[in-house]
Amino acid sequence: MKYDDRVSVIKGIGDKTEKILNKIGIVTVQDLIEHYPRSYEQFQKPIPISDLREGEVNTIEATLVNSPTGRRVRHLQITNAKVKDSYGIINLTWFNMPFLQKTLRMGFRYIFRGKVSRKNGVLVIEQPKIYEKQEYYKLLNVLQPIYPLTEGLTNNSITKSIGLALKDLEFAKDYIPKKISKEYNLLDRTKAIKEIHFPKDRDSMLKARQRVVFDEFFLYSLALRHLKEKKSKEKTEYVMKEVSECEQLIASFPYSLTKAQLRVWDEIKKDLSSDYSMNRLVQGDVGSGKTVLAILALMMTVKSGYQGSMMVPTEVLAKQHYKSLKDTLSKFDVSICLLVGSMTAKEKREAYERIKNHEVDIIIGTHALIQEKVEYDNLGLVVTDEQHRFGVKQREALMDKGGQPHVLVMSATPIPRTLAIIIYGDLDISIVDELPAERMPIKNTVVGTNYRPNSYRFIDKQVAMGRQAYVICPMVEESEMMEAENVIDYTETLRDALSPSVKVEYLHGKMKPKEKNSVMEEFAEGNIDVLVSTTVVEVGVNVPNATVMMVENAQRFGLAQLHQLRGRVGRGEFQSYCIFVCDSNSKEAWERLQILNKSNDGFFIAGEDLRLRGPGDIFGIRQSGTLEFKMADIFTDVEHLKAAAEAVKSLEDEEIEKIFMDNPLLEDKILNQTNTL
């Protein structure tokens, strides 16, 4: 079995399973063995019911007191049962498993394992797994991998498929040079891949993880070096001149630019007027005024006779930018067009024609901007978002469309500078580290679940004053279906709790792009008062009228991610509020959230998060959004990141050449990786 074989070569994977695996990006055998566990379960001996702890996954051996009963609540079929041991009694609850009413028998003894939670003041175990005694004791103290799943895929089936793949795979040669493996005390790659899936114990899992994380950062650093060498000091034909319109535009703003904005604008102007292509990252907290800098750069580009484009992650945001740019630049004779996926074929054709003939100066859109059919006429500047780090292939696609455009990347992810220099090694970095004086700080509060009714009353009051609110539900890791269920159920609860006149809608990952766009647009236009969502709103939309952000189970999110979510409010003239609901009794969880309570400074928060979480917290909360590695996390694994960057730096060009010659598949892998850079 080879790395690039399709997963269907593995026994037991038929057409149906292959399609489901493809949905989560698993196409080849290599994709499957790189689908790493998101955590591990370690089975301990059953404990007395009286020792159960809220929030923990515990195992009990107990007898069924009564026959299970079933009831239906909206989309859910709920099964309840009561069990006891010599130390106490507890209720068990299962969702959508009505068959248990026939299979579980009163008076029989079973082993139950699940998460203990508190409902209406009483402890219960929800969705516990049921084991035969013999079966359970075989699993004791073994680390069981738990994989990211999707609907139609079980942990059992993926564990089995990976086991078969590892047995029959011809492993590739280790591409990390021996001297580096030795210097950094790295496990052999083949051994690491086997151990990460099926570790003997915690120590061997940690050793395997260290190697996998090092590999990801090593390849990333190799990819950056590859990029840097390709584009270091590339001459550009788009040399720009300073234009008076930029000063007029600054004078027309109803506010003065901050010192930080003026400093970064000087750096951008220097880049645009030099003979070399700009590759600059502008980092700044939400609301620090990065968009203004992008508009000024586009103005300088247009008035120097070139076209500029701005690429954003969602259609709704593209439409909002289009509208606000038209308003801002209305007096400057600048023609702007929109290009997004949902436009009709006819609208797209007309837009392509206008772009090709230079009848438009600025093109705003989503990924549609780099599709084959778009031909630019002297594209001098591309403004992009960190979600779309411009990879080699995209950059080459644009160069094929003419010249070597300047690239300006905007990032609202506050990464401490020491990390940013490694992660964005191919870019010059500017930091907008000052908020405009007229921006009101957001008022924050961290509360327990008993404060929920007060929060709902507060949202009611804000809506009555004409404002809007977001409520964020945490992602449900088990499956997208449960996540959707979670959001829909919560929306119903909220509709019951708020005044009947308040319009509540929801948004979740399972919705089709068209549905998502429609809900986002309705919310942006003020037709929805409260939006219940998973984290899809992080980058989605600009709603100055939204003044409340309520985050449920806030302890499940990374601080940097919570700070990003908080940035969705406080964008208008009204005082904004953020309510973090913590449903954990852990002292550490409350301490972490207090950092957000005390500070609105993203860079400080990211630094504190790094300090608090420390390298030990390997299966902690991932800071999603920035550079998704499969196993590594730039915050938790910062030491490995630095080590891998140093290792790549120490290699001579010939050594890198040899790595590629010995591993022909690697160059493709790196090019794909730089595509997501």
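The values are calculated or read from the model by the stated rules, or taken from the named source; none is laboratory data. Since this is a predicted model, take the numbers as computed values, not measurements. A quick note on method: Cβ atoms are made from the backbone with ideal geometry, for glycine too, and the neighbour counts reach across all protein chains shown.
Among the residues of segment 162-171, is any under 34 Å from the mean Cα position of the chain (by Cα), assigned to a strand (DSSP E or B) and surrounded by 15 or more Cβ atoms within 10 Å (Cβ to Cβ)?
Scanning segment 162-171, I find no residue that is under 34 Å from the mean Cα position of the chain (by Cα), assigned to a strand (DSSP E or B) and surrounded by 15 or more Cβ atoms within 10 Å (Cβ to Cβ), so the answer is no.
Out of curiosity, is T103 hydroxyl-bearing (S, T, Y) and under 24 Å from Y490 (Cα atoms)? Quick ask: steps written out before the conclusion?
Details: hydroxyl-bearing (S, T, Y): yes; under 24 Å from Y490 (Cα atoms): no.
Against the criterion (hydroxyl-bearing (S, T, Y) and under 24 Å from Y490 (Cα atoms)), T103 does not qualify.
Looking only at residues in segment 124-151 that are aliphatic (A, V, I, L, M) and touching a strand residue (DSSP E or B) at 6+ places or on another chain (Cβ under 6 Å), which one is surrounded by the most Cβ atoms within 10 Å (Cβ to Cβ)?
Here is the first cut: in segment 124-151, the residues aliphatic (A, V, I, L, M) are 124-125, 130, 139-140, 142-143, 146, 149.
In the following step, the residues that additionally are touching a strand residue (DSSP E or B) at 6+ places or on another chain (Cβ under 6 Å) were identified as 124-125, 130, 143, 146.
On the way: V124: 19, I125: 24, I130: 17, L143: 20, I146: 17.
Result: I125.
Checking S650 against (1) of a type in the set (S, T, N, Q); (2) at pLDDT 75 or above; (3) touching a helix residue (DSSP H, G or I) at 6+ places or on another chain (Cβ under 9 Å); (4) over 18 Å from I421 (Cα atoms): exactly one of these is not met. Which one?
Failing condition for S650: (4).
From the set of residues in segment 425-468 that are under 22 Å from I595 (Cα atoms) and of a type in the set (S, T, Y), which is surrounded by the fewest Cβ atoms within 10 Å (Cβ to Cβ)?
Per the criteria, the residue is T449.
Can you tell me which residues in segment 105-139 are under 17 Å from T79 (Cα atoms), hydroxyl-bearing (S, T, Y) and over 30 Å from the mean Cα position of the chain (by Cα)?
Y110
Tell me, please, whether a residue that is charged (D, E, K, R) and within 18 Å of Y322 (Cβ to Cβ) can be found in segment 358-369.
Quick first cut of segment 358-369, residues charged (D, E, K, R) only: 359, 361.
Subset that is within 18 Å of Y322 (Cβ to Cβ): 359, 361.
Taking every residue of segment 358-369 in turn, at least one turns out to be charged (D, E, K, R) and within 18 Å of Y322 (Cβ to Cβ).
What's the number of the condition K194 fails, among (1) surrounded by 14 or more Cβ atoms within 10 Å (Cβ to Cβ); (2) more than 30 Å from the chain's Cα centre (by Cα)?
For K194, the failing item is (2).
Would you confirm, using the coordinates I've provided, whether K514 is modelled with pLDDT of 85 or more and surrounded by fewer than 16 Cβ atoms within 10 Å (Cβ to Cβ)? Explain how you work it out, then say what you get.
Details: modelled with pLDDT of 85 or more: no; surrounded by fewer than 16 Cβ atoms within 10 Å (Cβ to Cβ): yes.
Criteria not met by K514.
Is it the case, given these coordinates, that M97 is assigned to a loop (DSSP other than H, G, I, E, B) and within 30 Å of E492 (Cα to Cα)?
On the way: assigned to a loop (DSSP other than H, G, I, E, B): yes; within 30 Å of E492 (Cα to Cα): yes.
When the stated conditions are applied, M97 passes them.
Quick one: L32 ticks every box in (1) free of Cβ contacts under 8 Å to residues at least 24 places away in the same chain; (2) closer than 30 Å to N663 by Cα; (3) surrounded by 14 or more Cβ atoms within 10 Å (Cβ to Cβ) except a single one, so which number is it?
(1)
Which residues, taken from segment 46-67, are out of contact with any Asp or Glu (no Cβ under 7 Å at 6 or more places or on another chain) and either in a loop (DSSP other than H, G, I, E, B) or not assigned by TED's automatic domain parsing to the domain that holds R118 (or both)?
I47, L52, R53, E54, G55, E56, V65, N66, S67, listed by residue number.
Among G25, G107, which is the only one that is touching a residue at least 12 places away in the same chain (Cβ under 8 Å) and of a type in the set (G, A, S)? Don't jump to the end; show me each part of the working.
Working: G25 fails: touching a residue at least 12 places away in the same chain (Cβ under 8 Å).
Matching residue, one of G25, G107: G107.
Residues that are touching a Ser or Thr at 6+ places or on another chain (Cβ under 9 Å), within 30 Å of V9 (Cβ to Cβ) and hydroxyl-bearing (S, T, Y): does segment 125-136 have at least one?
No, segment 125-136 contains no residue that is touching a Ser or Thr at 6+ places or on another chain (Cβ under 9 Å), within 30 Å of V9 (Cβ to Cβ) and hydroxyl-bearing (S, T, Y).
Any chance segment 544-555 includes a residue that's assigned to a loop (DSSP other than H, G, I, E, B), under 27 Å from T449 (Cβ atoms) and out of contact with any Pro (no Cβ under 7 Å at 6 or more places or on another chain)? Before the answer, list the steps.
Step one: list which residues in segment 544-555 are assigned to a loop (DSSP other than H, G, I, E, B), which gives 544-545, 552-553.
From the residues that got through so far, the ones that are under 27 Å from T449 (Cβ atoms) too are 552-553.
Add one more test, that the residue is out of contact with any Pro (no Cβ under 7 Å at 6 or more places or on another chain), and what stays is none.
Looking for residues that are assigned to a loop (DSSP other than H, G, I, E, B), under 27 Å from T449 (Cβ atoms) and out of contact with any Pro (no Cβ under 7 Å at 6 or more places or on another chain), one finds none in segment 544-555, hence no.
Quick check on my filter: what residues within segment 517-534 are among the polar types (S, T, N, Q) and either at pLDDT 95 or above or surrounded by fewer than 22 Cβ atoms within 10 Å (Cβ to Cβ) (or both)? Reasoning before the result, please.
Restricting attention to segment 517-534, the residues satisfying the condition of being among the polar types (S, T, N, Q) are 517-518, 527, 533-534.
Selection gives N517, S518, N527, T534.
Quick check on my filter: what residues within segment 280-336 are in contact with a Leu (Cβ under 7 Å, 6 or more places away or on another chain), farther than 17 Å from H406 by Cα and hydroxyl-bearing (S, T, Y)?
S288, Y322
If a residue counts only when it is of a type in the set (A, V, I, L, M) and at pLDDT 90 or above, which strands (runs of 3 or more DSSP E) contained entirely in segment 424-511 have at least 1 such residues? Give the derivation first.
Numbers: elements: 428-432, 443-447, 468-472, 504-507.
In segment 424-511, the matching strands (runs of 3 or more DSSP E) lie at 443-447, 468-472, 504-507.
Given the criterion closer than 30 Å to E195 by Cβ and in contact with an Asp or Glu (Cβ under 7 Å, 6 or more places away or on another chain), identify the matching residue among S39, S8.
Details: S39 fails: in contact with an Asp or Glu (Cβ under 7 Å, 6 or more places away or on another chain).
That would be S8, the only listed residue that is closer than 30 Å to E195 by Cβ and in contact with an Asp or Glu (Cβ under 7 Å, 6 or more places away or on another chain).
So T154 ticks every box in (1) loosely packed, with under 14 Cβ neighbours inside 10 Å; (2) touching a residue at least 24 places away in the same chain (Cβ under 8 Å) but one. Which box is left unticked?
Against the list (1) loosely packed, with under 14 Cβ neighbours inside 10 Å; (2) touching a residue at least 24 places away in the same chain (Cβ under 8 Å), T154 comes up short only on (2).
For the list (1) surrounded by 15 or more Cβ atoms within 10 Å (Cβ to Cβ); (2) assigned to a helix (DSSP H, G or I); (3) at pLDDT below 90; (4) not β-branched (V, I, T), I need the number of the one condition that A351 fails.
Failing condition for A351: (3).
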